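Working notes, structure below.
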Amino acid sequence: MNEDLHRRVTAWRRHLHAHPGLTLHEGDTAAFVSDRLRELGVAEIETGIGGHGVVATLRRAGGNRAVGLRADMDALPIQEADEELPHRSTIPGVMHACGHDGHTAALLGAAALLLQDPSWQGTVRLVFQPAEEGGGGARAMIADGLFRRFPMDRIFGWHNWPGLPAGTVAVHDSAVMAAGARFEVAFEGHAGHAALPHLTRDPMLGAGHAIVALQSIVARGVDPLKAGVVSVTMAEAGEAQNQVPARATLRGTARWLETPVGELIERRMREVAHGIAAAFALEARVDFRVGVPVTANHPRERDLAAAAAGAVTQLRRDVPPAMTGEDFSHFLHEVPGAFVWIGNGPAEGGRELHHPNYDFNDAVLPAASGFLAEAARRALAGDA
């Protein structure tokens with residue numbers, strides 16, 4: 001990527017940062033993406049795929065292969081803390097705290113690189129996905145016919161990674177990010193005066209025991225050589241300080257890298273909740289909803305991604321997976337592909353993901369766009 005293109009892509013990224021589109025509300029972002037694609041000379045642009053999704057197609061005669069490159073577009077409901085940032089969010093309570101502005105800009109940059117390069121033949125699908133942050137964007141695009149309407153043999157994506165040296169690409173052997181579920185555990189009791197607890201059935205007592213017991217499932221139920229997380233993150237109960245409430249609800253998230261671990265967590269969560277309810281004469285209800293499966297690379301595409309990364313920037317093959325989730329995993333259940341991390345540089349000073357001080361590192365854009373373009377070239381050439 002030359003300096004002029006780097007400046008243009010940086011300007012696009014900063015515009016997106018200043019004008020974030022919250023999950024399921026990415027219409028302005030999709031319009032911006034479409035306008036930039038037209039400026040680049042892209043003729044085939046389809047909008048409204050699975051919500052606000054955009055799919056653009058680059059074609060060159062002489063090849064019958066097709067490859068997909070994906071970027072996510074949505075922002076988070078977080079108030080930006082850095083008031084001195086020149087391109088800070090102009091929308092109160094919404095910011096790009098996960099770097100999707102950088103992902104989107106980098107894919108636009110990859111489109112520019114591919115359009116400038118006459119060496120490849122075939123079809124490139126540029127997939128700009130909405131609603132990655134828990135909004136079901138990948139599933140919505142698939143349900144709207146993404147792979148039927150825009151066939152592709154392989155698909156590649158990436159996420160920026162604070163703490164990894166800027167521009168370095170990490171390629172995992174298999175699991176990259178975890179499967180995730182959101183759970184709700186509700187205890188139903190009998191309300192009454194807090195000074196007369198013997199006349200009540202206190203759901204707060206059940207909830208208190210459950211907070212400890214649920215978060216012990218992994219510590220005492222999962223093989224220490226396996227990975228799993230259960231985190232109770234929300235508690236809701238009560239209307240008055242002098243009343244024992246009728247209901248107490250706990251909510252949280254569970255993560256795992258292997259399916260049997262996820263099955264064990266769900267089973268033990270139900271056993272724990274109902275056991276505690278029986279001990280305190282309560283009723284328990286458990287709602288356990290799996291949101292994303294494990295993000296796991298396919299072997300051939302993993303090797304292709306590593307070769308592409310090594311051709312344009314620094315490559316790492318020794319970085320462990322993370323327990324965060326990524327709905328690119330749904331795409332990987334439909335077609336072969338690979339998902340990589342690209343270093344965003346130091347994470348100090350609150351520059352980690354989902355922090356109100358986070359900002360994408362624009363110095364990473366040449367490596368990110370270059371990786372995507374190179375992965376596309378190699379896939380169209382039939383490498384790996």
Exercise for the section: Round to the nearest 10 and give me the degree value, 0 to 90, for the angle of helix 259-279's Cα axis relative to the longest principal axis of the chain. Expected result: 20 degrees
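Once a ≥ b ≥ c are taken as the square roots of the eigenvalues of the Cα gyration tensor of segment 97-187, is the result rounded (a/c under 1.5), prolate (a/b larger than b/c) or oblate (a/b not larger than b/c)?
Numbers: a/c = 2.14, a/b = 1.39, b/c = 1.53.
Here segment 97-187 falls in the oblate category.
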Practice task
Among DSSP beta bridges whose residues both lie in the chain, state the antiparallel percentage, nearest 5.
Solution key: 70 percent
Exercise for the section: Quickly estimate the mean residue ellipticity at 222 nm for the chain, helices only: each DSSP H run with n ≥ 4 gives -39500 (n - 2.57), and the total goes over all residues, rounded to 500. Expected result: -10500 deg cm²/dmol
Completion exercise
A 1.4 Å probe over the protein heavy atoms gives the chain a carbon and sulfur accessible-area percentage of 51 percent
Handout entry: Square roots of five times the Cα gyration tensor eigenvalues for segment 1-57, Å
Key = 21, 16, 7
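Give the accessible surface of the chain per residue, rounded to a whole number of Å², with probe radius 1.4 Å and ligands, DNA and RNA excluded. Numbers along the way, then the final one.
Numbers: 16240 Å² over 384 residues.
Per-residue accessible area for the chain comes out at 42 Å².
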Exercise for the section: On a 0 to 90° scale, report how tilted helix 299-312 is relative to the longest principal axis of the chain, with both axes built from alpha carbons and the result rounded to the nearest 10. Expected result: 60 degrees
Exercise for the section: Would you mind listing how long segment 261-384 runs along its three principal axes, going by Cα atoms, in whole Å with the largest first? Expected result: 64, 39, 22
Completion exercise
For segment 69-222 the mean separation of alpha carbon contacts under 8 Å (6+ apart) over residue count, i.e. relative contact order in percent, is 22 percent
Problem - the chain: proportion of alpha-carbon pairs further apart than 26 angstrom, % - result: 55 percent
Practice task
Compare 223, 101 by solvent-accessible area with a 1.4 Å probe and give them largest first, with all protein chains kept in place.
Solution key: 223, 101
Problem - Nearest-ten-degree value, helix 203-214 long axis tilted from longest Cα axis of the chain - result: 50 degrees
Exercise for the section: Compute the length gained on full extension between residue 188 and residue 91: take 0.36 nm times their separation in residues and subtract their Cα-Cα distance, giving the result in nm to one decimal. Expected result: 30.9 nm
Practice task
Quick one: grab the alpha carbon gyration tensor of segment 1-138, order the square roots of its eigenvalues as a ≥ b ≥ c, and give me rounded if a/c is under 1.5, else prolate or oblate depending on whether a/b is larger than b/c.
Solution key: oblate
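List the relative contact order of the chain as a percent without decimals, with contacts defined as Cα pairs under 8 Å and 6+ residues apart.
On the way: 911 pairs, mean separation 94.6, N = 384.
After rounding, I find 25 percent.
Under 8 Å for C-alpha pairs, at least 6 residues apart: give me the relative contact order for segment 200-353, rounded to a whole percent. Working shown, then result.
Numbers: 173 pairs, mean separation 33.5, N = 154.
Taking the mean separation of contacting Cα pairs over the length of segment 200-353, I get 22 percent.
Could you give me D for segment 223-329, from Stokes-Einstein at 25 °C and 0.890 mPa s, where the hydrodynamic radius is the Kirkwood radius over C-alpha pairs? Units µm² s⁻¹, please.
Working: Rh = 17.5 Å.
Rounded, D is 140 µm²/s.
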Completion exercise
Output row, site residue 300, 7 Å Cα→C-beta label point, backbone N cut-off 18 Å, window segment 351-384, residues 375-384
Completion exercise
Under the rule rounded for a/c under 1.5, else prolate if a/b exceeds b/c, else oblate, using alpha carbon gyration tensor axes a ≥ b ≥ c, segment 129-234 is classed as prolate
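So for each of 16-23, 195-202, 111-118 I average, over its residues, the number of other beta carbons within 10 Å; can you give me the resulting order with the highest mean first? Don't skip to the end; give the middle numbers.
Numbers: 16-23: 22.9, 195-202: 13.8, 111-118: 17.5.
The peptides rank, most packed first, as 16-23, 111-118, 195-202.
The values are calculated or read from the model by the stated rules, or taken from the named source; none is laboratory data. Values in this document were obtained by computation on a predicted structure and should not be read as measured data. Here the Cβ is made from the backbone with ideal geometry for all residues, glycine too, and neighbour counts use every protein chain on show. Keep in mind that these areas ignore ligands, DNA and RNA; they rest on the heavy atoms of the full protein, side chains included. Shrake-Rupley method; radii C 1.70, N 1.55, O 1.52, S 1.80 Å.
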